[in-house]
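> Quick one: the structure is below, and I'll ask about it shortly.
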Amino acid sequence: MNKSPSFRSLVAQLYRVYTLERPTHFAASLAYYSLFSLVPIIYVAITVAGLFVDNDSASKQLMENIDSVFGADVAEMVVTTLEEVSEGNDRSSVMQRTVSFIAMLVGASLVFFHLQHALTSIWKMPHPTSRGTKQIVLNRLLAFVIVLFIGLLLVLVTFTNFVVSFIHSKFDIEAVGPLIGLGTTLFIGTVSMALMFKFLTNAVVGWKDVLVGGLTTTLLLVGGANLLGRYVAQGNFGSAFEAAGTVAVLLIAVYFLAQCLVFGTVFTRVYANMFGSGVRPRVKAEQHNIPKERA
């Protein structure tokens, strides 16, 4: 008689995956490429958000979030870089600004190309072969869509903060703001992670499974971001690296958050195979090895 999987068997399988497959190295590559994509992602997000809300409000909101997680030095570095890019665009023609935006879009999508590769590899799904040109092109277009989607999320966050400020000014209820902010963050994060697990990988997986995995991953990322924010705010961590302090803090922080994302990805795979509908390949490949989780 087969026993139904339990929480203990879930933890045991997570430990087994980390011991045998060692997926942690994907976090290092994601952190590395994030350094090159961070400024382009922020630039594209603010540009897209500026089509719907005040550009300064969107920029201020994003910088406050960066400051709360990575510290004032990183936020200042990002602001300085964005100002230099904006000043260059102001002196450029429409054609030059268009080319600049496309270049930023390509740079922003770089990390999502590698994120897609990491997710597919962790889930042991087949990668598109050289003959699967259509699938490769669709994957690249999907990465561009994700970058633009980040801009729309920034619009939602900015609007939520406006609602929180309005409620606070009318009713003077201090506890409402943090609760609405946390609820919005968990909702946006869960939906975003679920969509990422559902469509960014070359896998077929149920909505319930990706929603559970999305919520778990979001809780890890939010908790990790809060821990990073407290640590950076209390210590003079950057001074230990002298001139490279800001970049070192950014790299270590992004690496830590990438580890949270990797764990959430592994959890989603194991949960789906043990408790849900399973993870199946979306596209055919010459060779692939679908993981069978143990109960």
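> Separation between the VAL222 and SER92 pseudo-spin-labels, each 7 Å from Cα along Cα→Cβ, expressed in nm?
So the label points at VAL222 and SER92 sit 3.7 nm apart.
> Per-residue HN-Hα couplings for the stretch 10-25, Karplus 6.51 cos²θ - 1.76 cosθ + 1.60 at θ = phi - 60°, whole Hz, x for Gly and Pro?
5, 5, 4, 5, 4, 4, 5, 5, 5, 6, 8, 9, 6, x, 5, 5
> Still on this structure: Simple spin-label model, 7 Å along Cα-to-Cβ: LYS208 to LEU182 in nm?
Computed distance between label sites LYS208 and LEU182 equals 2.8 nm.
> Once you sort the root eigenvalues of the Cα gyration tensor of the stretch 1-124 as a ≥ b ≥ c, which label holds: rounded (a/c under 1.5), prolate (a/b larger than b/c) or oblate (the other case)?
prolate
> Additional query: Please give, to one decimal in nm, the separation of the simple spin-label points placed at ASN65 and ARG230, each 7 Å out from Cα toward the Cβ.
Placing both labels 7 Å beyond Cα along the Cβ direction yields 2.2 nm.
> Here is a follow-up. By how many nm would the segment from HIS25 to ARG282 grow when fully extended, if each residue of separation counts as 0.36 nm and the alpha-carbon distance is taken off?
90.1 nm
> Quote to one decimal, in nm, the extra length available between SER6 and VAL145 on full extension: 0.36 nm per residue of separation minus the C-alpha distance between them.
In short, 46.3 nm is gained.
> Shifting gears a bit: Please identify the trypsin sites (Lys or Arg not before Pro) of the stretch 1-84 that satisfy two criteria: DSSP loop assignment and at most 12 other Cβ atoms within 10 Å. Which are they?
For trypsin sites (Lys or Arg not before Pro) across the stretch 1-84 that sit outside H, G, I, E and B with at most 12 neighbouring Cβ atoms in 10 Å, the list reads LYS3.
> If R₀ is 41 angstrom, what is the calculated FRET efficiency for the pair GLU83 and TYR32, using the beta carbon separation as r and rounding to 0.05?
Working from the Cβ atoms, E equals 0.95.
> Sequence-distant or interchain residues sharing an amide H contact under 5 Å with VAL204, placed H: which?
ARG280, ARG282
> Classify the stretch 181-224 as rounded, prolate or oblate from the Cα gyration tensor: take a ≥ b ≥ c as the square roots of its eigenvalues, call it rounded if a/c is under 1.5, otherwise prolate when a/b beats b/c and oblate if not.
Verdict is prolate for the stretch 181-224.
> Right, next: Classify the stretch 70-128 from the C-alpha gyration tensor, please: rounded if a/c falls under 1.5, else prolate or oblate depending on whether a/b exceeds b/c.
oblate
All of the numbers you see were taken from the coordinates with simple rules; none came from a lab. Values in this document were obtained by computation on a predicted structure and should not be read as measured data. Using ideal geometry, Cβ is built from the backbone for each residue, glycine included, and neighbour counts are taken over all protein chains shown.
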